[in-house]
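Working notes, structure below.
The values are calculated or read from the model by the stated rules, or taken from the named source; none is laboratory data. All values reported here derive from a predicted model rather than from experimental measurement. Here the Cβ is made from the backbone with ideal geometry for all residues, glycine too, and neighbour counts use every protein chain on show.
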Amino acid sequence: MLLCIKIGNSTINLAFFQNPDASDFTLSSFETKEALKCKNKLKNLSLKNEMDCIVCSVVPEVAKEFSAILESLCKKIIFLNYKTYTGLTLKLYHPETFGVDRLACAVAAYENFRDNLAVIDAGTATTITVVTKKGEIIGGSIMPGINTMNIALSEKTACLPVVDINKTVVALGKDTHSAILSGIVLGTVRGIEGILQEIEKETNLKLITVLTGGYSELLSQYMKRKYFINKHLVIEGMRLVYLKNIKN
C-alpha cells in the first residue's frame, strides 16, 4: 500500500493506493489549520509498517509535525523536494525554491502527454508551469488564487464582501457581487490565457494546456483555449515519483 500526503496552504489530502501500480485511490481531506484531525486519523490506522509514504508539502512546519507519526507507521518515506528523482530536469535559476506541488503536477502531466505543456494548478495560488517535450521545466507564472483574491478584497476594503464563487459569472457585473465574480474569475482565466500567449511567443512553443487543482473545474467553464483537466494531478504525480524512486 502507498500513502500520498499532500500538504497545501489550505488543505491536507491523504490518498491511499492499495496498489501503487494502479491509479485508483481513496481520498480523505482536511483543512490545513485542522492538521491535528489528520494526524489522529493516521495514528488510528491499523496498517503500521505495511505501507510506504510520499509527502508533498508546501508548508514545511506542518510537514515536520507529521514526521514522527510517519516514521512509526511507514516502511519507506519520501519527502518530495527539488533533489528527488522525478525524470524531469529543472531548468530554473533557483530550483530549490520551486514548489513541490508544481513539480508533482508536472511529472504527471508529462507522463501523460510527453509534449510541450502548460500545467495550470488552480488552488490557493494559481500557477502556470511550462514543461518541454524534452522533460525540462523551464519556468512559469504565479498569481493569487480565486479565493485568495476573494478574501483579500474583503479584508483590504471597508465595504466589499466575500462572495459565493459558485454563482454564474458574467463579464458585466450589475451589482457588487457579480462585479467581484467577474474580476476574480474571468480576470484569472483571461490572465492565464494572456500569459500563455506571451510564453508561446517568447519560447516559440505550442503548449498543451492541462488544468488541475480545486478551482480547475470553475476556470474550465470560461477557458477559450483547448484544455485537458485532472483535478488530482498532484496525487498522480506523487504516485509516479514514488514508483520512479522505488525502481531506481
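Some notes on this structure:
- Across the stretch 32-50, not a single residue is classified as touching a Lys or Arg at 6+ places or on another chain (Cβ under 7 Å), modelled with pLDDT under 95 and hydrophobic (A, V, I, L, M, F, W, C).
- Verdict on Leu243 being closer than 21 Å to Asn9 by Cβ and of a type outside the set (Val, Ile, Thr): no
- Residue match in the stretch 194-213 (condition: under 22 Å from Asn166 (Cα atoms), in a helix (DSSP H, G or I), of a type in the set (Asp, Glu) and in the same structural domain as Pro161 (by TED's automatic domain parsing)): no
- Qualifying residues in the stretch 46-89 (those that are closer than 29 Å to Phe113 by Cβ and polar (S, T, N, Q)) - the one nearest to the chain's Cα centre (by Cα): Ser57
- Residue match in the stretch 45-52 (condition: under 23 Å from Val130 (Cα atoms) and either touching a Gly at 6+ places or on another chain (Cβ under 7 Å) or of a type in the set (D, E, K, R) (or both)): no
- Scan the stretch 214-248 for residues that are part of a loop (DSSP other than H, G, I, E, B), under 16 Å from the mean Cα position of the chain (by Cα) and within 20 Å of Glu136 (Cβ to Cβ) and the total you get is 0.
- You will find that of Asp121, Asp115, the residue that is modelled with pLDDT of 95 or more, acidic (Asp, Glu), touching a strand residue (DSSP E or B) at 6+ places or on another chain (Cβ under 9 Å) and buried (at least 16 other Cβ atoms within 10 Å of the Cβ) is Asp121 and no other.
- Condition met for Val210 (surrounded by 15 or more Cβ atoms within 10 Å (Cβ to Cβ) and among the hydrophobic types (A, V, I, L, M, F, W, C)): yes
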